[in-house]
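Nothing in this text is a laboratory measurement; each read-out follows from the coordinates by a stated rule. Please read these numbers as outputs of a predicted model, since none were measured by experiment. Cβ: placed from backbone, ideal geometry, glycine included. Neighbour counts: every protein chain shown.
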Amino acid sequence: MTSTSTPASAAPKPRISSTQWIGIAMVVGIALGTLFPAAQYEGFNTFAKAISSVFLRMIKSLIVPLLFSTLVVGIAGHGDDLKKVGRLAWRSILYFEVVTTAALAIGLLAVNLVKPGVGVSLQGATAAKGAEFSQTKVTFSGVIEHMVPASFFEAAAHNEVLQIVFFSILFAIGLARVQGPAKDFMLKFCEALSEVMFKFVGIVMAFAPFGIGAAIAVTVGQSGLGVLKSLAMLVGTLYGALLVFVLGVLVPVAFMAKVPIRTFWSYVKEPWVIAFSTASSEAALPRAMEQLERMGIPKRIIAFVLPTGYSFNLDGSTLYLAVASIFAAQAGGKDMPISAQLLMMLTLMLTSKGVAAVPRASLVILSGALAMFDLPLEAVAVILGVDAVMDMARTSINLLGNCLATVVMARWEGELAVATGDVVHR
């Protein structure tokens, strides 16, 4: 009698997940960046930068159609109750303000306790780079004006996420008021576009390990691991403060909203790794949207909260600004009373909204604040040496905070259905 049992040798081998491939790529990227520094191997650095750029360009090419289609379907498909849109907007803004204020407070407390700028010399550093960044003026009224696109196609060409969200919401509200074949046609078109774009995300993510490994290699090759030694206290203060923020703010928020933390992390860890390794929130956005939908969050909430949070809920960047600005004062020997520090934090809170599309936005805001409060712009030149390493941390926390905000909003709206395996829990 022949046995039908499958021999142990025939058992399927465990498959390496995409997150594991990205982790392997990061290790390889660090090794390559160390072995082939940019100063000595310019050709390798140029090639790696091209690979990284191709990946980021592919990601950026799908953001606009993905955002537009998901927002229109999410809002116009439920046009019978447009009050939900307004309620979601107010709840999101309230949440964003509370959490970013907590990030500022933690950053301010950390930098005053550790004092990473004390003993750091600004001699030999030039103020030219800081002055260059500070020339880009950021005002709260300018941020409000920047939210509204003069042209949808211009906003799409420049990947202005906040403007795309604004236009898509108005378009969806207008579509919700239309009846008949025109509405059905447009909704079916957007549904089909959304489905295709999520498949597009899957194709692009197959290239992610190569793009991410190249990005890490470029970062390490240009900055080198040795640059961390001179400013280890500053980098350590930021990373430590971000960890305190996650454990002291995000985790308690998750508990209060009854978000299953392990399940949440299992879905967002891959986009988190992408954000950390590329230091680009845009690179992680499509995958984060896809993963949150798989988790059980409605498209309507994902498409509104996540991209809006990219402009108004920059937890990591806000905390970084608090640390970096007081670091500049300490390095310059400026004694800032707590009242002046609080005024600076209020300024940073207002000017940090809606500027995610500005290149090196955090440095632009930092330079402007330093100039406003008569602090040494030479500190920007010093910070630039380790900015890439700090950018990775703050960008990944921005992504993590916005993913959690999306889940919390779904809970507040009574629409959180968390998928675990084949079971959905409400």
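Estimated from the Cβ-Cβ distance and a Förster radius of 30 angstrom, the FRET efficiency linking Ala105 and Glu145 is about 0.55. Stretched out straight at 0.36 nm per residue, the stretch from Ala50 to Glu415 would grow longer than its current Cα-Cα span by 127.2 nm. For Lys199, the aspartates and glutamates whose Cα comes closer than 19 Å to its Cα, not counting residues fewer than 8 places off in the same chain, are Glu191, Glu270, Glu282, Glu290, Glu293. Here the simple spin-label model places points 7 Å from the Cα toward Cβ, and for Ala388 and Val98 these points are separated by 3.9 nm.
With R₀ fixed at 56 Å, the C-beta to C-beta distance from Val118 to Val196 puts the FRET efficiency at about 0.50. Rg and Dmax of the stretch 246-300, both derived from C-alpha coordinates alone, stand at 11.9, 31 Å.
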